[in-house]
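Notes to accompany the following structure.
The values are calculated or read from the model by the stated rules, or taken from the named source; none is laboratory data. Worth saying up front: this structure is predicted, and the values here are computed from it rather than measured. Cβ sites come from the backbone with ideal geometry, for glycine too, and all protein chains shown count toward neighbours.
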Amino acid sequence: MYRMLRRVEAKPYETWPGVTRRALALGEKILLLEISLKKGAVAPAHSHPNEQSGYIVRGRLRIRIGDETHELNPGDAYIIPPDVEHEARALEDTVVVEVFSPPHELLKKDLTGEV
């Protein structure tokens, strides 16, 4: 299954308060998302079996991956191995592009309508 959308076509979904996602592309092995976080918004601690990487487009993000915490700025990137607990806080309004591999089962429904 392959699916892509223009940003204006991608429906926004609130993942957590102040954290909105838009699924932009889905392949058999990857899912591409745009994540918008309002200043102070938190993605609480969680883990999943997917590898996850991200690129900071604008804003600043404090992210904890396992035991390490990083403050990231525009142009910075990160990688989260499968099953590693992570969390993030937006230090200002922030936009991140993220890739999940394999596609996150709970998020790919944003593009397919199925789980």
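If the Cβ limit is 7 Å and pairs must be 6+ apart or interchain, which residue in the stretch 72-95 that is more than 21 Å from Asn50 (Cβ to Cβ) pairs with which residue that is small (Gly, Ala, Ser) and surrounded by fewer than 16 Cβ atoms within 10 Å (Cβ to Cβ)?
Pairs found: Ala90/Gly40.
Any residue in the stretch 1-18 that's in contact (Cβ under 8 Å) with a residue 40 or more places away in the chain and within 24 Å of Ala90 (Cα to Cα): show its pairings with residues that are among the small types (Gly, Ala, Ser) and part of a loop (DSSP other than H, G, I, E, B) at Cβ separation under 6 Å, as long as the two are six or more apart or on different chains.
Gly18/Ala41
Within the stretch 5-28, restricting attention to residues that are under 15 Å from Phe100 (Cα atoms) and either of a type in the set (A, V, I, L, M, F, W, C) or surrounded by 10 or more Cβ atoms within 10 Å (Cβ to Cβ) (or both), which residue is farthest from the chain's Cα centre (by Cα)?
As a first pass, look at the stretch 5-28 and keep what is under 15 Å from Phe100 (Cα atoms): 21-28.
From what is left, the residues that are either of a type in the set (A, V, I, L, M, F, W, C) or surrounded by 10 or more Cβ atoms within 10 Å (Cβ to Cβ) (or both) are 21-27.
Details: Arg21: 7, Arg22: 9, Ala23: 9, Leu24: 11, Ala25: 13, Leu26: 14, Gly27: 16 Å.
Here the residue is Gly27.
Could you please give the count of residues in the stretch 46-64 that are touching a Ser or Thr at 6+ places or on another chain (Cβ under 9 Å), surrounded by 17 or more Cβ atoms within 10 Å (Cβ to Cβ) and farther than 14 Å from Val97 by Cα? Talk me through it step by step, then tell me what you get.
First pass over the stretch 46-64, keeping only residues touching a Ser or Thr at 6+ places or on another chain (Cβ under 9 Å): 50-53, 56-63.
From the residues that got through so far, the ones that are surrounded by 17 or more Cβ atoms within 10 Å (Cβ to Cβ) too are 50, 52, 56, 59-61, 63.
Imposing the further condition that a residue be farther than 14 Å from Val97 by Cα reduces the set to 50, 63.
Of the residues in the stretch 46-64, 2 are touching a Ser or Thr at 6+ places or on another chain (Cβ under 9 Å), surrounded by 17 or more Cβ atoms within 10 Å (Cβ to Cβ) and farther than 14 Å from Val97 by Cα.
Of all strands (runs of 3 or more DSSP E) completely enclosed by the stretch 1-70, which ones contain at least 2 residues that are modelled with pLDDT of 95 or more and of a type in the set (Val, Ile, Thr)?
Correct list: 19-26, 51-58, 61-65.
List the pairs whose first member sits in the stretch 50-63 and is at positive phi, whose second member is surrounded by 16 or more Cβ atoms within 10 Å (Cβ to Cβ), and whose Cβ atoms are under 7 Å apart, counting only residues at least 6 apart or on separate chains?
What qualifies is Gly59/Ala90; Gly59/Thr94; Gly59/Val95.
Evaluate the following for Leu91: is it surrounded by 19 or more Cβ atoms within 10 Å (Cβ to Cβ), of a type in the set (A, V, I, L, M) and in contact with a Leu (Cβ under 7 Å, 6 or more places away or on another chain)? Show your work before the answer.
Numbers: surrounded by 19 or more Cβ atoms within 10 Å (Cβ to Cβ): no; of a type in the set (A, V, I, L, M): yes; in contact with a Leu (Cβ under 7 Å, 6 or more places away or on another chain): yes.
No, not satisfied.
Return the residues of the stretch 58-78 that are hydroxyl-bearing (Ser, Thr, Tyr) and over 16 Å from Ile35 (Cβ atoms); say none if nothing qualifies.
Of the stretch 58-78, the ones hydroxyl-bearing (Ser, Thr, Tyr) are 69, 78.
Result: Thr69, single match.
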